[in-house]
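The values are calculated or read from the model by the stated rules, or taken from the named source; none is laboratory data. Model, not experiment: these values are computed from the prediction. Using ideal geometry, Cβ is built from the backbone for each residue, glycine included, and neighbour counts are taken over all protein chains shown.
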Amino acid sequence: MKSRPFTDSDWPAFVAFAHQHFGQSHNTDRAFNEHWFRNRWHDGWAARVLEESDGSIAGVLMLVIVPVRFRNEPSTLAWISSGAVTDAARGRGAGAQLLLWAYQSYPMVAAASGNDFSAPLHDLLGVSAPGLWMRRFIVVHDSRAAELCRPGEGGVVANARVETAAVPGASARWISEIPDDYDALWDRASQSIPCTTDRNASYIAWRYRDAPYLDYRMVEVRAASELRGLAILRMQPTPAGEVCRIVDFVAEDRHAPDVWGAVLPLAAAGGALFTDFMVIGTRQDSALTAAGFREANSATGLNALPHLLSPVEHRAWTNTFHLGGRLLRDARSWLETDSVYFTKGDGDRDWPTTYDLRRLGRIA
Amino acid sequence: MLRDEVIERIRAFFTAGDEGHEPPPADDANLFDLGVLDSLRIVSLLVLVEAEFGIVLDYDDLTEENLGSIDSITDLIVRRSTAPGSPAVAPDKPA
């Protein structure tokens, strides 16, 4: 097997490969793939092919390249996304070759929600810090949210309703365009974060405004005329009603509690049964708690609310998180739970499912 | 470091955790055919090579030709270590 870059001429064979080996976890809509794997932060496709001696595809690894700020310097980060090898390539080091290519080729590499095969490889190739994984915080607005739980498991959720109220001095409103003063907010907010996606206006436009097949909405929070925060969310339909998934959030640390507090009444007024936010890193913990969020775990009982809602599934996610790449060879010396900030909107964790695409009429 | 020392370390890698149960693979046995070299084992081997020999193998090195046997892995390490700027490993046994 020989590894080489993915090119346009691979597309037809890739579609057949993806249908056979990725299954429903990766759709083969060309526009969708062009958006994610051939974006402005990478020259050509951010993907690698393993080729058998007869020219057939033995494996593919696809990466989502995004801008990052690492210790206040700009860089790029490669999120490990879809990857698979053929049955014939298993046990011949195909997965190792593809992952090693990624870790050796990019300044920073991140991998979330590893599976039984990939997580041990990321343990060796990257770094994981104790307590650093994707956690979920929830505010229940309506006791009907309990209908999404398994039978007999919704009691805690039904009684977890939190009354939200407007925050004095902070006004939140739905917006359709990224505010002109957003980049100034992001510059202020990101100064204290050692390692995070560079959530500038250009990135936000690519990731949310222009992302195919998901309808994201934005909320801005202002105090007087000053932009204090931006939240990006999508309202997700479920059999019990809509829920509010906040996928990105930007505010200066000192204003974060008020910004969260101002966003929640809007979500509740919009009919959300609950609002959730998934995050890697502990920087938002105190602000989330102050606003009424609680972590979804066995201690709070809020883990009874399923995360997978398109369709509703009670299957547990793996929430592993690893960082690696050329810039991070000394990562163990600085990687702490409050030194990184990634959200569910980063990488490929918030993608349309096959169920979503059917609902939108994109596939039969 | 001598080639003999490198091959001893690679042999030990393939018997680690299995002492007294299975005989170690022959130096020229095909490790893929034996099923003892999957992706996790390969990455573990890379970690060992970097930690013990100071050699960072490239993803292009991970071919079946290079990793197919204890002999070929040893040859790869010796080749990399005698490249300019690499830690010195004597390619041949001392006279």
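For (1) surrounded by fewer than 16 Cβ atoms within 10 Å (Cβ to Cβ); (2) at pLDDT below 95, each residue gets a yes or a no:
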| position | (1), (2) |
| --- | --- |
| A:ALA146 | no, no |
| A:THR164 | no, yes |
| A:ILE175 | yes, no |
| A:ASP180 | yes, no |
Could you tell me whether any residue of region A:53-63 is closer than 18 Å to A:THR343 by Cα and either within 23 Å of the chain's Cα centre (by Cα) or in a strand (DSSP E or B) (or both)? yes
Any residue that is at pLDDT 95 or above, away from chain B (no Cβ under 13 Å) and within 24 Å of A:PRO194 (Cβ to Cβ) - is there at least one of those in region A:56-64? yes
Selection from region A:79-131 of residues that are outside any strand (DSSP E or B), at pLDDT 90 or above and more than 13 Å from chain B (Cβ to nearest Cβ): A:THR86, A:ASP87, A:PRO107
For region B:39-76, give me each residue that is out of contact with any helix residue (DSSP H, G or I) (no Cβ under 8 Å at 6 or more places or on another chain) and at the interface with chain A (Cβ under 8 Å from one of its Cβ atoms). B:ASP60, B:THR63
Determine the pairs where a residue that is closer than 16 Å to B:ALA12 by Cα, located within region B:24-36, has a partner that is part of a loop (DSSP other than H, G, I, E, B) and of a type outside the set (Ser, Thr, Tyr) with Cβ atoms under 6 Å apart, the partner being 6 or more residues away or on another chain. B:LEU31/B:LEU37
Some residue of region A:355-364 being at negative phi, in a helix (DSSP H, G or I) and of a type in the set (Phe, Trp, Tyr): yes
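For (1) more than 21 Å from A:ASP198 (Cα to Cα); (2) acidic (Asp, Glu); (3) crowded, with 24+ Cβ neighbours inside 10 Å, each residue gets a yes or a no:
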{"position": "A:VAL109", "(1), (2), (3)": "no, no, yes"}
{"position": "A:SER113", "(1), (2), (3)": "yes, no, no"}
{"position": "A:ALA119", "(1), (2), (3)": "yes, no, no"}
{"position": "A:HIS122", "(1), (2), (3)": "yes, no, yes"}
Need a quick list: strands (runs of 3 or more DSSP E) entirely within region A:209-252 having at least 1 residues that are under 18 Å from A:GLY347 (Cβ atoms). A:226-238, A:241-251
Which residue out of A:VAL157, A:VAL167, A:VAL162 is in contact with a Cys (Cβ under 6 Å, 6 or more places away or on another chain) and of a type in the set (Val, Ile, Thr)? A:VAL157
Looking at (1) surrounded by fewer than 16 Cβ atoms within 10 Å (Cβ to Cβ); (2) within 25 Å of A:ALA240 (Cα to Cα); (3) modelled with pLDDT of 95 or more, which one does A:LEU273 not meet, given that it meets all the others? (1)
What pairs can you find where one residue is in region A:50-75 and at negative phi, the other is exposed (fewer than 12 other Cβ atoms within 10 Å of the Cβ) and among the basic types (Lys, Arg), and their Cβ atoms are less than 7 Å apart, with a gap of 6+ or different chains? A:GLU51/A:ARG4
Taking region A:243-270 and keeping only residues that are within 15 Å of A:ILE138 (Cα to Cα) and surrounded by fewer than 18 Cβ atoms within 10 Å (Cβ to Cβ), one is left with A:PRO265
Among the residues of region A:189-217, which ones are more than 17 Å from A:VAL279 (Cβ to Cβ) and of a type in the set (Gly, Ala, Ser)? A:ALA201, A:SER202, A:ALA205, A:ALA211
Among the residues of region A:306-335, which ones are part of a loop (DSSP other than H, G, I, E, B) and modelled with pLDDT of 85 or more? A:PRO306, A:HIS307, A:SER310, A:PRO311, A:HIS314, A:THR320, A:GLY325
Here the qualifying pairs (Cβ atoms under 8 Å; residues six or more apart or on different chains; first in region A:189-200 and in contact (Cβ under 8 Å) with a residue 40 or more places away in the chain; second among the acidic types (Asp, Glu) and in a strand (DSSP E or B)) come out as A:ARG199/A:ASP248
Which condition number does A:ILE138 fail, the rest of (1) assigned to a loop (DSSP other than H, G, I, E, B); (2) in contact (Cβ under 8 Å) with a residue 40 or more places away in the chain being met? (1)
